[in-house]
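Since the structure comes first, as structure tokens, the remarks are kept for the end.
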């Protein structure tokens, strides 16, 4: 089975960070391109986690720490007061990794509390958080797609 990682080895493929409301802040990825919008995926993870936490909380079960996607992918969730962190990885489920994600959310909130408290959506304000996550997870940042400028450029007609 060439090309597949060892089943006991975990490979971090994506790291998504959103604010508590689900607004995307950072996306790190091993892949250069995707046909799916990473902001939409981050928001979807936020909605899924919120729905599952609400549903299971009413049953007396704690919050959701991870979900399995397909045969080889897992998503570990970390929730803080201001941040939600999602780590998509390939390999066996790892309680150690789930614990690390939760600890990292609390660490991010402690380190970057002043930025997070007044964050108004400016991505330049969270550059330090993005750099920190890149170093922690050894996964490169992928710049967001450029939003349209609102001005269409049409070629001149002779």
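A short reminder: the numbers here are calculations on the coordinates, not readings from a lab. The model shown is predicted, which means the values in this text are computed figures rather than measured ones. Neighbour counts are summed over all protein chains in view; Cβ atoms, including those assigned to glycine, are modelled from backbone coordinates with ideal geometry.
Take the Cα of residue 124, step 7 Å toward its Cβ, do the same at residue 73, and the gap between the two points is 3.4 nm. When the convex hull of its Cα atoms is viewed from all sides, the stretch 11-137 shows a mean projected area of 8.0 nm². With the highest mean first, a sort of the peptides 123-129, 21-27 on other beta-carbon atoms found within 10 angstrom per residue produces 21-27, 123-129. The modelled label-to-label distance between residue 138 and residue 47, using points 7 Å beyond Cα along the C-beta direction, is 3.5 nm.
By the beta-carbon count within 10 Å of each Cβ, the least crowded to most crowded order of 132, 86, fewest first, is 132, 86.
Extension gain for residue 58-residue 19 works out to 11.7 nm (0.36 nm per residue, less the C-alpha to C-alpha distance).
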